[in-house]
Every structure is written in C-alpha cells, then in structure tokens.
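Student: Structure below; questions to follow.
Just so it is clear, none of the values below were taken in a lab; they were calculated from the coordinates. Keep in mind it's a predicted model, so treat the numbers as computed, not measured. Cβ atoms come from the backbone with ideal geometry, glycine included; neighbour counts cover every protein chain shown.
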Amino acid sequence: MARQIKGIFWDLDGTLVDTGKDIVNAINFTRNNFNLDSLSYSAGMDMIGQGFEKLLSRSLAEINPDQQTLDSARSLFIDYYHLHLTDHSIPYPGILNILNSKQLESHCMAVVTNKNIISSQLLLSELNLIGFFQTIRGGGLNLSLKPEPDMLVDAMNELNLVPDQMVMIGDSWTDILAARNAGIISILVDWGFKDVRNHQPDYSVKTADELQQLLVKLTGNSSNPLY
C-alpha cells in the first residue's frame, strides 16, 4: 500500500539554518572565560551534536569540568548565544523556496532538533521562520534526544499523524537513526554538519531543489510518486 505523506519533520542546525559560525563563536566566548584558547571553526564544529550538554562537556574537556563549572559555563554560553543568534546564521540556499512551496502548503511541518527548545524558538522567530511550523520539539522538554524517537513520536501525536505519513529531513546520523527508530522515512541533506557514521538514509539529496522535488513526489503531488 502506498504511503500518503502528510507531515515533514525538519532538523534545525545544519539542515534548515546554517548556524555553525554563531555556535562556534559562543563556544569560544565560553572557553575564553575559563582561560582556554579559541578553537578553529572546524574544531568548534566537531563539538556540535547530540544536544547542548554534550556540546558543553566537549568544549571544556581540557579542564575536566565539575558540575559547578558546567553550570557556570551553561549560563555564559546561553547568555552570549541568545544575544548573537543571528549574527551570521541564515537559512540554507533554497530552504525558503521549499517552505513557501504551494505544492507542500497543505502538509504539516515541524522542527525536531536536539537544540535547546528556547534557543530554537528564538532563532526561528528572529529569522521569521517560526510561522511555517505547526510545532517544535527540542532539548529541555523532558523527552529523550535524537537518535531516540521520543521527540518525533510526541510531535506526531500532537499532529495526529502516524509514521507512514511522515518524513524526517536532517544532516546527521542522529536524524537518520531517530527516523528509523520511529518508523519514518529519512532524508539526508548534503549540506550542514554531515556526520553520518555509516548510517544509511532512505534518501539523500545534494541541493534544496533536489529536496523539493523529492518532497513533492513523496507527498503525492507528482505524477511519479516514489511510494
């Protein structure tokens, strides 16, 4: 039986929005406050993944931070980052075309990210993207982060949809595995942070145009459906 895709889950950092430089700047601001040297952009990007707490611990690994240090670092990072959320962060090329697509406007869209929920909401608001999404799931909601399926399942329940009606778009292994764990089609984008770790998605795309064409086919708005 053909799938009838009615909902689209999006990862945020590295998929919808190029946030790398602002995150690395916040990492370095935090490190500098603990007398640690700034990281290169590449090294800073290696800190990102699996949520904010992991990022914080990796960023300060040289000093083996105790809980008090982590608490202080958390406040420093968040205060700085929220003041500089969109200094450099912008949607990836072609993303706005997809979000504004008439062929997809009847479908539910949601953001499912390991990024802190407050940071996610603020970022999407500042970039005037939040109105495209029916709901958002992120860190700090007492739900297990990706690759666990909890956030995807919780969002599906709110949208009154089931796995066969969903796709998950992301740039990393956590997105692929979370989708698989939830029984959802996964689409890997070839931009962003691209940490795949040998996990194979159902589909992969190199450009936003290719992604839009795939979504149109998967949602049945094409004469050549893929499912």
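Student: Rounded if a/c is under 1.5, else prolate if a/b is larger than b/c, else oblate: which is the stretch 153-225, with a ≥ b ≥ c the root eigenvalues of its Cα gyration tensor?
Tutor: oblate
Student: Nearest 500 deg cm²/dmol is fine: what mean residue ellipticity at 222 nm does the chain get from its DSSP H runs of n ≥ 4 alone, each adding -39,500 (n - 2.57), divided by its residue count?
Tutor: After summing the helix terms and dividing by the residues of the chain, the value is -11500 deg cm²/dmol.
Student: Ok, one more. What whole-number distance in Å separates the alpha-carbon centres of the stretch 20-47 and the stretch 63-120?
Tutor: Rounded to whole Å, the Cα centres lie 16 Å apart.
Student: Sticking with this one: Given a cut-off of 23 Å, name the pairs among LYS54/LYS206; LYS21/LYS217; LYS102/LYS217 whose C-alpha atoms lie farther apart than that in the structure shown.
Tutor: Exceeds cut-off: LYS54/LYS206; LYS21/LYS217.
Student: As I understand it, the dipole of the chain uses +1 on the Cβ of Lys and Arg and -1 on the Cβ of Asp and Glu, about the Cα centre. Which of GLN200, ASN35, THR135 lies farthest toward its positive end?
Tutor: Farthest along the dipole direction, towards plus: GLN200.
Student: May I ask you to evaluate 6.51 cos²θ - 1.76 cosθ + 1.60, the Karplus curve with θ = phi - 60°, for each residue of the stretch 84-95 and list the ³J(HN,Hα) values in order in whole Hz, giving x for glycine and proline?
Tutor: With the stated coefficients, the stretch 84-95 comes to 10, 4, 10, 4, 10, 6, 9, x, 5, x, x, 5 Hz.
Student: Which cross-chain or sequence-distant (5 or more) residues have an amide H under 5 Å from the amide H of MET109, H modelled 1.01 Å from N in plane?
Tutor: ILE8, GLN134
Student: Note the angle between two axes, namely the Cα long axis of helix 208-218 and the longest principal axis of the Cα atoms of the chain, as a number of degrees from 0 to 90, rounded to the nearest 10.
Tutor: Result, in degrees: 40.
Student: Counting only DSSP beta bridges with both residues in the chain, tell me the antiparallel percent, nearest 5.
Tutor: 10
Student: Between GLU210 and LEU122, what FRET efficiency comes out of the Förster formula 1/(1 + (r/R0)^6) with R0 = 35 Å and r the beta carbon distance, rounded to 0.05?
Tutor: According to the calculation, E is roughly 0.70.
Student: Ordered by residue, what ³J(HN,Hα) values in Hz, to whole numbers, does the stretch 129-145 give under the Karplus form 6.51 cos²θ - 1.76 cosθ + 1.60, where θ = phi - 60° and Gly and Pro are x?
Tutor: 10, 4, x, 7, 10, 6, 7, 9, 10, x, x, x, 9, 6, 10, 4, 6
Student: Where the only charges are on Cβ atoms (+1 Lys, Arg; -1 Asp, Glu), what is the dipole of the chain about its Cα centre, to the nearest 20 debye?
Tutor: Here the size comes out at about 460 debye.
Student: Further question: Which trypsin sites (Lys or Arg not before Pro) does the stretch 129-210 hold that lie in a coil by DSSP with at most 14 other beta carbons within 10 Å?
Tutor: Passing sites in the stretch 129-210 are LYS194, ARG197, LYS206.
Student: To continue, here is another question. Is any residue of the stretch 172-195 close enough, with backbone N under 17 Å, to a label point placed 7 angstrom from the Cα of GLN134 along the Cα-Cβ axis, and if so, which?
Tutor: 184-185
Student: Let me ask something additional. Can you list the residues, at least 5 places off or on another chain, whose amide H is less than 5 Å from the amide H of SER204, using H built in the peptide plane?
Tutor: LEU188
Student: Aspartates and glutamates within cross-link reach of LYS194: Cα-Cα under 16 Å, excluding same-chain residues under 8 positions apart?
Tutor: ASP11, ASP13, ASP18, ASP46, ASP171, ASP175, ASP202
Student: Between SER106 and ASP79, what is 0.36 nm times their sequence separation minus the Cα-Cα distance? Round to one decimal in nm.
Tutor: Computed gain between SER106 and ASP79 is 6.0 nm.
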